[in-house]
Amino acid sequence: MDALWQSTWFWGVLFVVSSFFNFRAAFKLLIDWKGMATTCRFVEDAYDRLDRLPEEAALEREPGAPIFLHVVPAYQEPEIAHTLRALLASRYPHGKLHVVVVTKEAEDLTPHPTMAVPTAELVRRFRAELPPWQQKMLSLEVMPGPGRKAEQLNWALRPEFVRTLLNGHADPARIYVGVSDADSIPDPNVYRWIAADVLGGAGSLAYQGVTLSLANFDRLPLRGRVCAVQQSSIFIRVSIARLLNERKRLALFARLASRAPALARLVRPIFDFCFRRAQICLGHNQFVRLDTLRALGGFPTTGATEDSTLGYALAARGVLIAAMPMLELNDMPETTSGMVRQNARWYKGVLDDVGFLRRAWRATPSAFNAAQLCRHVGNKVVEWPIAAVVYPLIGFLGWHLAYRFADHPVLFVLGITFPSVSLGLTIWVGGIVTQDLIEGLSPYFPRPTDIARTSLKAKFWGTFRCQTYWLLATRGAWRVLWALARTGRFEPAKTDRTLRTAAAAGLIATALALAACNLLPL
């Protein structure tokens, strides 16, 4: 062992490995920066051109305008009315937009103790207060038996129900199935944007819009606000940026194929394995054409997160998801434990997707399917639980090894530079650029939300504690791994939004009690 520690080649190999990972960390941060800038520019350009979208009257007369079946799966959602109100206020012909809420029979049988009535009854009461023309746009379905979000979505897509809802005369190729969560606040122009894209001849079989976890930003504590911005950054720097860049890469390869078809056939496996990227669905602000969904057998039910599996399933069938620039706001869990639970559910979905990707590769052993499986295992299954620990250790190791090679100026400079640049970019990209770019999108939010850092404490935390969210995500991943190691199973839990209502009710009860004792004037 002493000989190993004394050997030059051992420290040389360790230096090369640490330098590679430090360089990779810095390079990924630069890619993230570019991805965020690309997505924000995509959104800003789209909102600048809103006046060019077709008006509702023109879409009403247009026979080729798509029909939207927007599904909202809900379970124990005390504030679902906000989402329904936003969806029904969308600027689209009323006869071509149908909103369907799907609740669970189990909730009706055993309501949440903090909710006065179950979600289905809230929807019925909300619908009863609507004018007749909006009542026709909103439907309620109650799913019997057990099931998660995917089963709820598929229940709303039963052929007999869709036929009845659309009077039996709609072509599945004209129907787009939209999905929103019960905490979503969508942009009112989302349907017009997709309709313009479809009528313009560039329509896609699937769309994924930009989502930001900022709907409840004003109710979050300081740590929650930092995490909300960081979680939103994932969607714009990875999810949407990847969809935009994937189309550019395929367009470049198509030009190569048109000019040198023989060369394109030769390098296609290399291109698919090295340069293609996974498509990511986010589970809300997403739209898939009904005939495409039916060809897939509906929303995937094999994993904890049907959205990520859906993205892989569409990619395996050669369906290219188009990025859609209209914004949607969603809630961020308001407690640390809620953020950990949310990330645990997502990581359980990551583990479940391994089986799906393995089956897809065995069915079609292509370079693309092999790349999807390899990247998923490396970048998500393995890296997610360890990145928050490994990358700081690699950085410190790089600095240490630089001084071991102090007599080699080039190696010393490289050893010092890579970890330093990585650390600097972590603060600059994660703490400063992310806030600046997302704050720049605030004029386009579907609901006024101020996310500016207004105090020195908020600026300090947002800049130098920007990795807080990733530490919570790591905790979520290890919670899943620990449960699987101990019991062999992990049951993912949904985000509990009844706690907020319960807390509000508690405050009201306390205020009334104080008023009754003449301690608090009403």
**Study point:** Given (1) 22.9, 69; (2) 24.9, 78; (3) 25.1, 87, the label whose value is Rg and Dmax of the Cα atoms in Å derived from this model
**Key:** (3)
Revision key, fill the gap. Given a Förster distance of 41 Å, the FRET efficiency implied by the Cβ-Cβ spacing of Ala57 and Arg125, rounded to the nearest 0.05, works out to 0.80
Exercise for review: Write down the accessible area per residue of the chain in Å², having rolled a 1.4 Å probe over the full set of protein chains.
Suggested key: 47 Å²
Revision key, fill the gap. In degrees, nearest 10, the alpha-carbon axis of helix 383-404 is tilted away from the dominant principal axis of the alpha carbons of the chain by 20 degrees
Check your understanding: Taking Cα atoms, how many degrees apart are the long axis of helix 306-316 and the longest axis of the chain, rounded to 10 and kept between 0 and 90?
Key -> 70 degrees
Review point. Using alpha-carbon positions, what is the distance between the centroids of segment 234-259 and segment 277-356, in Å?
Key: 19 Å
Review point. Rg and Dmax of segment 304-365, using alpha carbons, in Å: what are they?
Key: 14.9, 43
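Would you count, across the chain, every pair of lysines whose alpha carbons are under 12 angstrom apart, provided the pair is eight or more residues apart or spans two chains? Before the final figure, lay out the partial values.
Values: Lys96/Lys136; Lys104/Lys149; Lys149/Lys494; Lys348/Lys380.
So the count of such lysine pairs works out to 4.
Relative contact order for the chain: what percent, with Cα pairs under 8 Å and sequence separation of 6 or more? Provide the component values of the computation, followed by the final result.
Values: 764 pairs, mean separation 113.3, N = 522.
The normalised contact order for the chain reaches 22 percent.
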Check your understanding: Spin-label point model (7 Å from Cα, Cβ direction): what's the Cys374 to Arg85 distance in nm?
Key -> 5.2 nm
**Study point:** Quarter of the Cα convex hull surface for segment 332-446, i.e. its orientation-mean projected area (nm²)
**Key:** 11.7 nm²
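Share of the chain's accessible area from carbon and sulfur, percent, 1.4 Å?
About 63 percent, which is the carbon plus sulfur part of the accessible surface.
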Check your understanding: Does a label point 7 Å from the Cα of Phe161, set along Cα-to-beta-carbon, have any residues of segment 80-97 with amide nitrogen under 14 Å, and which are they?
Key -> none
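The values are calculated or read from the model by the stated rules, or taken from the named source; none is laboratory data. As the structure is a prediction and not an experimental result, all values here were calculated from the model. Every residue, glycine among them, receives a Cβ derived from its backbone with ideal geometry; neighbour counts consider all protein chains shown. Heads up: the accessible areas ignore ligands, DNA and RNA and are worked out on the full protein's heavy atoms, side chains in. Shrake-Rupley method; radii C 1.70, N 1.55, O 1.52, S 1.80 Å.
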